[in-house]
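Asks: Once you've had a glance at the structure underneath, I'll fire off some questions.
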Amino acid sequence: MATASAVLKHKSHDENINIGLKKAYRDSIAESLSQILAATYRLTIKSHIYHWNVVGPLFKPLHELTEEHYGKLFAAVDIIAERIRALGHLAPATLGEAADFAPKSGDVGKLTALAMVEDLISDHETAVKVMRKAAEDADEAGDMVTADMLTDRLAFHEKALWMLRAIVSE
């Protein structure tokens, strides 16, 4: 029977992984997924802050939409991080300067609901571009799991963009 210390012995994240994906690809896609993870955190934080602080005639629809979005974005963080782990890499312990993800506290009170929506649109568009490239890379490498995950994430972001654009249209 294995001893507790043997069972709990730390194994390197550089273990020999043989899942049909080349190491160079796994390294590259893990980096892309780390960028996507950071973009997802950024949108989670901004959506949550805007949810709390939106005012004006768009309060109710934007308050409800941002709540729906930050919930889905927060769930996506776990999915993305777990995919990075499944590819043999550590999920990033630091995602840059988290304070840089959020608008400056003094600026939030000055932002109109329309400015908040435009900011979210910009961040969603940036995330979609990185995701689309990573999904193409995953598809070319035969990494159906990552490609499928990213297709699901793209569908969320493109729907979010449609809804946000509908709010600001005249």
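The values are calculated or read from the model by the stated rules, or taken from the named source; none is laboratory data. Keep in mind that this is a model prediction, so the values were computed, not measured. Cβ sites come from the backbone with ideal geometry, for glycine too, and all protein chains shown count toward neighbours.
Asks: Residue under question is residue 73, and the condition is that it be at pLDDT 90 or above, in contact with a Leu (Cβ under 9 Å, 6 or more places away or on another chain) and of a type outside the set (Gly, Ala, Ser); does it hold? Even if it seems obvious, please write down each step before you answer.
Replies: Values: at pLDDT 90 or above: yes; in contact with a Leu (Cβ under 9 Å, 6 or more places away or on another chain): yes; of a type outside the set (Gly, Ala, Ser): yes.
Yes.
Asks: Now for a different question. Within region 42-76, count every residue that is surrounded by fewer than 18 Cβ atoms within 10 Å (Cβ to Cβ) and hydrophobic (A, V, I, L, M, F, W, C).
Replies: 6
Asks: Another question about this same structure. Regarding residue 34, is this residue among the small types (Gly, Ala, Ser), surrounded by fewer than 20 Cβ atoms within 10 Å (Cβ to Cβ) and touching a Pro at 6+ places or on another chain (Cβ under 6 Å)?
Replies: yes
Asks: Next question. Is there any pair linking a residue in region 27-45 that is free of Cβ contacts under 8 Å to residues at least 40 places away in the same chain to one that is not charged (D, E, K, R), with Cβ under 7 Å and at least six apart or on different chains, and which?
Replies: Qualifying pairs under 7 Å: 44/70; 44/73; 44/74; 44/77.
Matching residues to (1) at negative phi; (2) buried (at least 22 other Cβ atoms within 10 Å of the Cβ); (3) in contact (Cβ under 8 Å) with a residue 24 or more places away in the chain; (4) more than 12 Å from the chain's Cα centre (by Cα):
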{"residue": "121", "(1), (2), (3), (4)": "yes, no, yes, yes"}
{"residue": "133", "(1), (2), (3), (4)": "yes, no, yes, yes"}
{"residue": "138", "(1), (2), (3), (4)": "yes, yes, yes, yes"}
{"residue": "143", "(1), (2), (3), (4)": "yes, yes, yes, yes"}
{"residue": "147", "(1), (2), (3), (4)": "yes, no, no, yes"}
{"residue": "154", "(1), (2), (3), (4)": "yes, no, yes, no"}
{"residue": "159", "(1), (2), (3), (4)": "yes, no, no, yes"}
{"residue": "167", "(1), (2), (3), (4)": "yes, no, yes, yes"}
